[in-house]
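Report on one structure; see the data block that follows.
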């Protein structure tokens, strides 16, 4: 363990040296302080909660803890075992231990805006459960729960990575994933969600937090800590096992026969087809896209979200879709960016093709979650609510597309996207980008949710119109910036050679 920690410290220091921007370094240093301040703000606001709201929050506590558990498992699975401090392709000649890679993924687990939001939700629930005192004991149990689920989720992800090294293992993992999705749909459609939640072990954690110091609290907290220690050992071994297993794809060869695609009528259509294929060929993007299409829809069906609350969902889903590849859209070209730049077509078509594929991805994600959420939304929506939902989808989608293209033009990154753990940008850049996407998109949703209370159906449309217009102007400015040869050459050089 000591040698792994030494290697982890060296890799973290190397990553810090690779951050050249003073603003990025300042943001990384201020992020923990900001998180502590937000935790303190959430805890202090518990005393001002009204009694009906407090009762509702306490009833939702087991579901909130279970939601964090699901996130802790799904996040490293979509990343192929977890995020990397330094890409593994750059560490081939160095004797980096598997335990170091496992600990590095744990270190970067908080570099996820959704993880942080879930942590704040658990902090609020803990504050509500401990209003009569023993907040320190409740905080210790919640911290042990967060650490335990994060470690176990990472260990499970590495086990899945090891299974997927063979064709039989991939079939087993695919069958189990399909069975879980079918089971979730059956539970939701059969109205068994409450029974499933009652059988969840998170009830034990919630009761221990509410009870405070005592036998129940001691046993629960000790069990979480022991499970965390065991998860570190098992996770390190699972990581070593997964990395030591040869992929059977190398035994059969990597070359495959690909049928030639029919020629498109225009150069823009050809570039769009290339970008679509680039998204699908990258296993990391392919897996993330499938999760993005399935998980929000299942969650929306299970939660039976009211029509009024559906207004907020498009912004959150659009932000997640933008993080898939939109924040560094030109990395889809990779080393082929030089070849594309040499072709006899309008250079601006490359950016327009990226925007087209990004709009398709975001629109599909929003449509899936809205259709799934509307299946079990109680009651009949008003005309203002329907308009607000559509306006939220358009406004938040436009905001995410405009922000993504601006980030792609201003701060491109090199990303090969060959392995299952490759990301479109470094972890710090992804964290900052997630905040820049989620906060404005969420704010648009909340503003339009307030407009949905109006008795006039056109009020949400009037509120969303200037937002959409401003986003279209911002998008046009980014396209004009990409038309500059100096800016375009910098992007091509960065995404092709680093």
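The values are calculated or read from the model by the stated rules, or taken from the named source; none is laboratory data. As the structure is a prediction and not an experimental result, all values here were calculated from the model. All Cβ positions, glycine included, derive from the backbone under ideal geometry; neighbour counts span all protein chains shown.
State all residues of the range 12-32 that are under 27 Å from residue 95 (Cβ atoms) and under 24 Å from the mean Cα position of the chain (by Cα); if no residue qualifies, say none. Those that are under 27 Å from residue 95 (Cβ atoms) and under 24 Å from the mean Cα position of the chain (by Cα): 12, 15, 16, 18, 19. Counting the residues of the range 272-320 that are at pLDDT below 75 and in contact with a helix residue (DSSP H, G or I) (Cβ under 6 Å, 6 or more places away or on another chain) gives 10. Scan the range 235-255 and give yes if some residue there is under 23 Å from residue 142 (Cα atoms), at pLDDT 85 or above and in the same structural domain as residue 135 (by TED's automatic domain parsing), otherwise no. Yes: the range 235-255 contains one or more residues that are under 23 Å from residue 142 (Cα atoms), at pLDDT 85 or above and in the same structural domain as residue 135 (by TED's automatic domain parsing). Checked across the range 341-348, the condition of being part of a helix (DSSP H, G or I), without any contact (Cβ under 8 Å) to a residue 40 or more places away in the chain and either in the same structural domain as residue 276 (by TED's automatic domain parsing) or over 19 Å from the mean Cα position of the chain (by Cα) (or both) holds for no residue. Of the helices (runs of 4 or more DSSP H) contained entirely in the range 10-127, not one carries at least 1 residues that are in contact with a strand residue (DSSP E or B) (Cβ under 7 Å, 6 or more places away or on another chain), assigned by TED's automatic domain parsing to the domain that holds residue 149 and modelled with pLDDT of 75 or more. Inspect the range 405-412 for any residue being surrounded by 24 or more Cβ atoms within 10 Å (Cβ to Cβ) and not in a loop (DSSP other than H, G, I, E, B) and give the result as yes or no. The answer is yes, given that some residue of the range 405-412 is surrounded by 24 or more Cβ atoms within 10 Å (Cβ to Cβ) and not in a loop (DSSP other than H, G, I, E, B).
Counting only residues that are within 27 Å of the chain's Cα centre (by Cα), in contact (Cβ under 8 Å) with a residue 40 or more places away in the chain and surrounded by fewer than 18 Cβ atoms within 10 Å (Cβ to Cβ), the range 469-485 holds 3 of them.
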